[in-house]
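For reference, the structure is listed below as structure tokens.
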Amino acid sequence: MIPHFRNILHQIKLMKQEAEEITGLQKGKISIGTFESITIHWLPHILKQFNDQHPQVEIELLEGTYEEICHWLQKGKIDVGFILNIDKLTVDFYPLKDDRLKLLLPSSHVLREHQSISITQLISDPFIMPYKGCDEHVRLLFKQQNVLPNVKFVIKDVHSIVAMVQAGLGISIMPELTLPNQMDHIYIKHISDDVYRTIGIAALDFKRLSPAAERFIDITKTWVFQKNKYG
């Protein structure tokens with residue numbers, strides 16, 4: 001019975017927001033699931049545009065892991081969410097950006113002058129593995145080359161990983177979007193075995209979105225397209 005009750009509540013929410021659309025989307029609420037790199041690099045710009053156009057719409061942000069965001073979508077806790085394109089998605093997904101993995105080397109590394117580096121050149125280096133979330137794509141990168149990383153540390157916080165690389169305690173591989181804007185004493189290199197994660201926006205059903213959620217997705221698509229095109 002619980003799924004039916006959730007569906008009824010969702011329909012009531014849509015009816016209220018569709019009524020608000022008649023008055024020009026002056027009111028309403030949208031709940032958005034997000035993860036750290038999106039919150040930092042994208043949402044300030046997207047939400048600024050959305051708020052300028054619809055200042056009366058209340059916005060709720062819930063930050064979590066990719067798995068948590070998918071779960072929140074399925075349970076109706078959020079209207080839309082930023083997630084990765086992973087196998088067996090049970091929600092509607094629209095791809096926004098291919099976020100390539102980059103290699104982080106300390107300034108003293110022997111390969112620091114190389115423009116492109118293969119995974120097979122790194123198997124003896126102490127490796128700093130990002131914690132659950134980013135690690136799936138990093139491990140896949142090594143698996144595709146039939147090699148194992150020499151993992152010395154597993155760390156969640158991006159700034160902690162950067163600090164460890166700066167100190168010369170190892171190398172790491174991180175999605176480009178997660179990296180801080182300023183990183184002294186670190187070389188960021190292209191990986192010849194090109195791997196990326198696809199970031200997108202998702203909803204339980206794109207055909208059953210509230211007016212506020214539809215508008216947020218439209219603004220997000222436009223902003224990301226311009227960002228991808230012009231940088």
Exercise. Suppose R0 equals 22 Å; then what is the FRET efficiency for residue 167 and residue 100 from their Cβ-Cβ distance, rounded to the nearest 0.05?
Worked result: 0.30
Problem set entry | Inter-site label distance for residue 145 and residue 190 at 7 Å from Cα along Cβ, in nm | 1.6 nm
Exercise. Over all Cα pairs of the chain, how is the pair count split among 5 Å bins, expressed in % and running from 0 up to the last occupied bin?
Worked result: 1, 6, 13, 16, 16, 13, 11, 8, 6, 5, 3, 1, 0
Seminar exercise, completed: By the C-alpha gyration tensor axes a ≥ b ≥ c (rounded if a/c is under 1.5, else prolate when a/b exceeds b/c, else oblate), the shape of the range 39-161 is prolate
Exercise. How many nm separate the modelled label positions at residue 74 and residue 121, each set 7 Å beyond the Cα in the direction of the Cβ?
Worked result: 4.2 nm
For this session: Indicate the gyration tensor shape class of the range 98-149 (rounded, prolate or oblate), computed on the Cα atoms with a ≥ b ≥ c the square roots of the eigenvalues: a/c under 1.5 is rounded; otherwise a/b larger than b/c is prolate and the rest oblate.
Result: prolate
Problem set entry | Value at 222 nm in deg cm²/dmol, rounded to 500, when DSSP H runs of n ≥ 4 in the chain each add -39,500 (n - 2.57) | -12000 deg cm²/dmol
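With a probe of 1.4 Å, find how much accessible area the chain has per residue, and write the answer as a whole number in Å².
Each residue of the chain exposes 55 Å² on average to a 1.4 Å probe.
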For this session: Loop only per DSSP, at most 14 neighbouring Cβ atoms within 10 Å: give me the trypsin sites (Lys or Arg not before Pro) in the range 72-180, ordered by residue number.
Result: 88, 112, 132, 156
Exercise. According to the square roots a ≥ b ≥ c of the eigenvalues of the Cα gyration tensor, what is the shape class of the range 149-212, taking rounded for a/c under 1.5, prolate for a/b larger than b/c otherwise, and oblate for the remainder?
Worked result: prolate
For this session: Summarise the accessible area of the chain (1.4 Å probe, protein heavy atoms) by the percent that is carbon and sulfur.
Result: 51 percent
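The values are calculated or read from the model by the stated rules, or taken from the named source; none is laboratory data. In this text the structure is predicted, and so the values were computed from the model without any measurement. With ideal geometry, Cβ positions are generated from the backbone for all residues, glycine too; neighbour counts draw on all protein chains shown. Each accessible area value is taken on the protein alone, full model and side chains, heavy atoms only, with ligands, DNA and RNA left out. Shrake-Rupley method; radii C 1.70, N 1.55, O 1.52, S 1.80 Å.
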